[in-house]
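Each remark here refers to the structure printed beneath this line.
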Amino acid sequence: MATTVDVDPRSSAILEGIAAHVTPQQFETWFRPLTLEFVPPDEIRIAVPNRFHQVWIERRYQAVVADAVRQLAGVTPRLVFAVNEALGAHLAPVGAEEQDEFPAEAEIEADGGGIDAADAVSQILNPDYTFENFVVGPSNNFCHAAAKAVAEQPGETYNPLFIHGNSGLGKTHLLQALCHLLEARHQKVMYLSCEDFTNHFINAIESGSLESFRWRYRHADVLAIDDVHFLAEKERTQEEFFHTFNSLYNQQKQIILSSDRHPKDIADLEERLVSRFKWGLVIRLDAPPLETRIAIVKKKARMRGVDLGDMAAHYIGEHVKENVRELEGAVNRVIYLARLGGREFDMDLLREALADLMPARMKSGPGLSDVLRVVADRFGIRATEIQSRKQTKSVVYPRQVCMYLARMCTQSSLEEIGAHFGGRDHTTVHYGIRKVEKMVAHDQDLKRVVDDLFGALTGHGR
């Protein structure tokens with residue numbers, strides 16, 4: 001018997017929320033003709049006329065849709081697309097400005113998969129990385145205040161804004177939070193990693209499309225580049241970035257940069273770039289103190305619909321001190337073990353979940369190669385396929401499961417996980433982990449698969 005879907009009446013209100021955050025032309029072009037359904041608890045089903053339309057919404061308006069749903073329903077939505085060619089007859093014509101950036105057919109995979117991050121001009125922002133979800137404390141309050149100041153007067157206050165600090169302290173979160181806010185204020189934002197900027201430049205040289213490359217980057221209102229230290233030793237990319245920087249700066253467009261070190265400490269970086277990076281404000285993120293770590297633990301747990309309680313939050317904050325990313329990983333492991341065995345957040349569970357984070361941590365746990373082997377065997381594909389650049393669904397799905405389990409079962413950083421599974425950056429890894437998290441919460445078949453794999457790797461099976 002077919003299952004009847006109970007469509008929530010808030011769907012039209014979500015469209016109204018979207019309309020409030022885009023221009024009338026954008027709404028008429030991309031949203032007015034579409035069928036949009038909110039299916040509780042957190043699924044948005046969007047019927048689109050073609051894959052081009054889908055990619056454009058995913059690339060440019062995903063954050064707008066997510067914000068509208070969060071304001072109305074209080075949840076972060078999962079976007080599910082279906083192509084309905086009949087909708088094409090009711091579409092408004094694409095405006096000239098957006099038509100120049102409409103995705104080329106070559107960017108759309110024939111099998112319906114996503115766009116490779118290396119081909120996308122601007123990465124999709126993580127909906128969780130907002131100012132509302134950023135926990136402010138003494139280690140980051142100046143960075144937070146500087147970012148908010150830039151949001152109020154982009155291109156005028158602190159340009160460029162250069163945030164530096166060790167890995168996992170929240171640089172990417174702040175950059176994306178600022179981009180979210182500026183996008184909501186109708187700024188044309190381009191956010192990507194420095195590695196992607198470099199790859200785009202190389203591809204433009206090889207394809208003879210440098211003019212198109214330059215036009216795209218030099219006509220943004222905001223350019224946000226993560227991990228700009230990746231420019232080190234890349235002379236031609238530095239040259240191109242220098243001219244892009246100058247063009248945007250002279251137009252009073254906002255430039256936002258992050259790095260794991262101060263500009264003067266980036267090896268083999270041209271002095272003229274070092275000088276320009278210091279024109280605005282260079283500010284450092286430090287490791288959070290205990291009180292901030294506890295607040296972060298509670299925030300991360302609440303975002304997953306869990307109240308850990310003061311004892312558990314204090315225990316995690318006291319024993320995980322390196323960075324915010326490790327705190328998040330610890331919260332994930334505690335919650336996962338509790339759900340796996342139907343257990344309370346007591347001291348036995350906490351000690352078990354965080355055993356390998358203690359000073360005398362055991363070294364015998366599973367490694368990234370173990371995760372790769374177990375997942376590849378379960379899905380019946382070669383390990384080398386998971387580590388390749390393939391973007392077909394049959395490979396992307398196991399790869400994201402690998403990333404999720406690697407975060408749960410090992411103490412590898414997001415960068416280490418990304419490097420092991422095909423040279424992905426930490427933003428891509430984080431996206432994959434969050435996607436599997438959401439799927440596990442709503443797909444019992446997938447949950448059983450992940451539970452079995454988790455048990456095989458850790459010995460904590462049912």
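The values are calculated or read from the model by the stated rules, or taken from the named source; none is laboratory data. None of the values given here were measured: they were computed from a predicted structure. Neighbour counts are summed over all protein chains in view; Cβ atoms, including those assigned to glycine, are modelled from backbone coordinates with ideal geometry. Surface accessibility is based on the protein's heavy atoms, side chains included, excluding ligands, DNA and RNA. Shrake-Rupley method; radii C 1.70, N 1.55, O 1.52, S 1.80 Å.
Taken over the stretch 55-80, residues that are polar (S, T, N, Q) and in a helix (DSSP H, G or I) amount to 2. I'd like to verify a number: residues in the stretch 170-188 that are under 15 Å from the mean Cα position of the chain (by Cα) and hydrophobic (A, V, I, L, M, F, W, C), how many? Count: 5.
Note on the stretch 160-170: among residues that are open to solvent by less than 10 Å² (accessible area, probe 1.4 Å) and assigned to a loop (DSSP other than H, G, I, E, B), the one that is modelled with the highest pLDDT is Pro160. The selection criterion, being open to solvent by less than 70 Å² (accessible area, probe 1.4 Å) and in contact (Cβ under 8 Å) with a residue 60 or more places away in the chain, holds for Arg407.
If I filter the stretch 138-159 down to residues being assigned to a loop (DSSP other than H, G, I, E, B) and open to solvent by less than 60 Å² (accessible area, probe 1.4 Å), which single residue comes out as nearest to Ser275 (Cα to Cα)? Even if it seems obvious, please write down each step before you answer.
The first filter runs over the stretch 138-159 and keeps only residues assigned to a loop (DSSP other than H, G, I, E, B), leaving 138-140, 153-159.
With the extra rule that they be open to solvent by less than 60 Å² (accessible area, probe 1.4 Å), the set shrinks to 139-140, 154-155, 157, 159.
Details: Ser139: 26, Asn140: 24, Pro154: 20, Gly155: 18, Thr157: 18, Asn159: 13 Å.
Out of the qualifying residues, it is Asn159.
The listed residues are Glu233, Glu183, and the only one of them that is acidic (Asp, Glu), open to solvent by 10 Å² or more (accessible area, probe 1.4 Å) and more than 25 Å from Val136 (Cβ to Cβ) turns out to be Glu233.
Only one of His243, His173 is over 24 Å from Glu322 (Cα atoms) and modelled with pLDDT of 90 or more; which? Show your work before the answer.
Values: His173 fails: over 24 Å from Glu322 (Cα atoms).
After applying the criteria, what remains is His243.
Each residue in the stretch 267-285 was checked for being in contact with a Leu (Cβ under 7 Å, 6 or more places away or on another chain), open to solvent by 20 Å² or more (accessible area, probe 1.4 Å) and not aliphatic (A, V, I, L, M), and 1 of them qualify. Considering the conditions (1) out of contact with any Gly (no Cβ under 7 Å at 6 or more places or on another chain); (2) surrounded by 17 or more Cβ atoms within 10 Å (Cβ to Cβ); (3) modelled with pLDDT under 90; (4) in a helix (DSSP H, G or I), Glu416 is excluded by exactly one of them, (2).
Out of all the residues in the stretch 242-260, is one or more charged (D, E, K, R) and assigned to a loop (DSSP other than H, G, I, E, B)? If you could, list the steps in order and put the result at the bottom.
So the first thing to find is which residues in the stretch 242-260 are charged (D, E, K, R), and the list is 253, 260.
This time we only want the ones that are assigned to a loop (DSSP other than H, G, I, E, B), so: 253, 260.
Yes, some residue in the stretch 242-260 is charged (D, E, K, R) and assigned to a loop (DSSP other than H, G, I, E, B).
Scanning the stretch 364-413 for residues that are in contact with a Leu (Cβ under 7 Å, 6 or more places away or on another chain), assigned to a helix (DSSP H, G or I) and of a type outside the set (Val, Ile, Thr) turns up Asp370, Arg378, Ala383, Cys402, Leu405, Ala406, Cys409. Filter the stretch 40-91 down to the residues that are out of contact with any strand residue (DSSP E or B) (no Cβ under 8 Å at 6 or more places or on another chain) and of a type in the set (D, E, K, R) and list them by number. Across the stretch 40-91, the qualifying residues are Arg59, Arg60, Asp67, Arg70, Glu85.
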